[in-house]
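Presented below is the structure to which this report refers.
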Amino acid sequence: MWNEPEPQAVALRAIMDAYTAAHPETTFSAVWNGRANQTKLRSALQAGTKVDLMDQDGDQLIGGLQKQGLALQLDGLVKADFGASLLPGVFDIYASEGKHYQVPYVYNSVNFWYNKEILEEAGAQEPATFDELLAMCDAVRKLDKYALVVDNDDTYALYYFSYLLERKLGVNALVTTFEDKTGESWLKPEVLKAAQMAQSLWGRCIPDDARGFQYPAGQQTVALGDSMGNLNGSWLPAELSSSAGEDFPWGAFNFPSVEGGKGKQTDLQVALLSMIALESSEHKEEAVDFLEFLVSEEAQKIIVEQGSVGSTRAGVAWPAILEEAYQAATNATAISNIYGGVGINYPDFYTTILAPEQNKMFMGQTEAKAFVEAMAADTKKYWEAK
């Protein structure tokens, strides 16, 4: 899924070379397809091309090749304690009915990424609760800055509401709410409250003019020191490296807990990148052995050092700039796909209804009550048409 010049591709090439050095009878022929890897692979398979291994975002795989029965089941082929070597929840997150098909090898977490110097100047602390988050925002406002910034983008805007819903109702709350085919779950008071809390951040934590920011204008204000932080994936420091500079004082903290909520501050939304062996592979034994090597300490250190990304193996430290995200992943009480996976599992509803309507609500174009009522009605119509 990488383009050949990318650091992650360089890291994978080094890992393949290391494997071949230890197993001279096994060599690799890599095809660098970029992000459309899964789509291009389907065409190749239909044309009769023999493929052993491929990689992609794990949530895309579970809704794609894995769902279509094209991924090799790993249970009984990998070591019995294989999952124990990985960070909490990693091996199980993409399991289907207890069966495992994917080996996640890159870890991205969604946290607040911020400028430590601004937080220190404001005399504030990393917040553990939503009330503490608001207090932090008030402290930063005294510096004539805003603590948070967003881009007017369906993808990034949904982080707030989905996280608040998870803190209210527990892990995967957004997809669970949608999967109530009556639509009634949208009318729970916790859902309305989550929407209202998301809207309450405007003017106090997020500047009103951020509604006009088109990606990546918002996050660039963090790099320039005009805003303190941004709710984003752990790829953000790398994305902003050219504008923020090497010495930017990055910090990260988890989305805070909410009073009386079922979710914990240590629950994480993640975007893991996985590799699978194909069910049609002609070299299954070698493919599975390489998957185990891919998350070995040796290989994962290469991923970190050359790919500048998070490792999925327990005990392998991430790049220094991602240290707080590494601690969050190590101590995670539960992990879930971004938005609980609703975007991958139900792309038609997510793309045409949920994402744009939620964005209108979050940006203040729609009242929170009207939003949840519309979601209840739209969800019922969606399932009735199935």
Rounded to the nearest 0.05, FRET efficiency between THR49 and THR266 (Cβ-Cβ, R0 35 Å) equals 0.20
Taking protein heavy atoms only, a 1.4 Å probe, and rounding to whole percent, the accessible area of the chain owed to carbon and sulfur comes out at 48
Across all Cα atoms of the range 93-174, Rg and the largest Cα-Cα distance (Dmax), in Å, are 16.9, 53
Once phi for every residue in the range 181-188 is put through the Karplus expression 6.51 cos²θ - 1.76 cosθ + 1.60 (θ = phi - 60°), the whole-Hz ³J(HN,Hα) values, with Gly and Pro written as x, are 5, 7, x, 5, 4, 5, 8, 4
Counting only DSSP beta bridges with both partners in the chain, the antiparallel fraction in percent, to the nearest 5, comes to 75
For the pair LYS40 and GLU292, the simple spin-label estimate (label points 7 Å beyond Cα toward Cβ) gives in nm 3.1
Rounded to 0.05, the calculated FRET efficiency for the beta carbons of LYS181 and SER280 at R₀ = 30 Å is 0.25
Of every Cα-Cα pair in the range 62-203, the percentage lying beyond 26 Å is 47
Relative contact order in percent for the range 61-163 (Cα pairs under 8 Å, 6+ apart) equals 14
Using a 1.4 Å probe on heavy atoms of the protein chains only, the accessible area for PHE290 in Å², nearest 10, reads 10
Note to self: with every protein chain in place and a 1.4 Å probe, the chain gives an accessible area per residue in Å² of 42
Expected sort for 172-185, 68-81 on mean C-beta neighbours within 10 Å, highest first, is 172-185, 68-81
Length-normalised contact order of the range 240-386, Cα under 8 Å, at least 6 apart, in percent, tallies to 23
Count of lysine pairs, the range 28-175, Cα-Cα under 21 Å, sep. 8 or more residues or interchain, comes to 7
Whole-Hz Karplus couplings 3J(HN,Hα) for the range 237-243, θ = phi - 60° and coefficients 6.51, -1.76, 1.60, Gly and Pro as x, run x, 5, 4, 9, 4, 5, 8
For the chain, averaging the sequence separation of alpha carbon pairs under 8 Å that lie six or more residues apart and dividing by its residue count, the contact order in percent is 29
For LEU86, other-chain or 5+-apart residues with amide H closer than 5 Å (H placed, Pro excluded) are ALA314
When the chain is treated as a Gaussian network with springs between alpha carbons less than 10 Å apart, the largest mean-square fluctuation among GLY341, GLY260, GLY64 is found at GLY260
extent check for the range 243-363: Cα max minus min per principal axis, descending, whole Å, gives 50, 42, 36
Residue-ordered couplings for the range 309-321, obtained by feeding phi - 60° into the Karplus form 6.51 cos²θ - 1.76 cosθ + 1.60 and rounding to whole Hz (Gly and Pro as x), are 10, x, 8, 9, 8, 5, x, 9, 5, 7, x, 3, 5
Counting only residues 5 or more apart in sequence or on a different chain, those whose built amide H sits under 5 Å from that of THR129 are SER257
Per the charge dipole of the chain (beta-carbon charges, Lys/Arg positive, Asp/Glu negative, Cα centre), the residue among TYR107, VAL295, GLY364 reaching farthest to the positive end is GLY364
Sorted by chain and then number, the residues having a modelled amide H within less than 5 Å of the amide H of LEU74, at least 5 places away or on another chain, are HIS100, TYR101
With every protein chain in place, the accessible area of THR330 for a 1.4 Å probe, in Å² rounded to the nearest 10, comes to 50
Output ordering of 106-115, 345-354 (per-residue mean of other Cβ within 10 Å, highest first) is 106-115, 345-354
Reported to the nearest 10 Å², GLU190 has, with a 1.4 Å probe, an accessible area equal to 70
Each label sits 7 Å from Cα toward the beta-carbon; between GLU323 and ASP226 the label points are separated, in nm, by 3.0
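The values are calculated or read from the model by the stated rules, or taken from the named source; none is laboratory data. In this text the structure is predicted, and so the values were computed from the model without any measurement. So basically every Cβ, Gly included, is an ideal-geometry build from the backbone, and we count neighbours across all protein chains shown. Heavy atoms of the whole protein, side chains included, go into the accessibility calculation; ligands, DNA and RNA do not. Shrake-Rupley method; radii C 1.70, N 1.55, O 1.52, S 1.80 Å.
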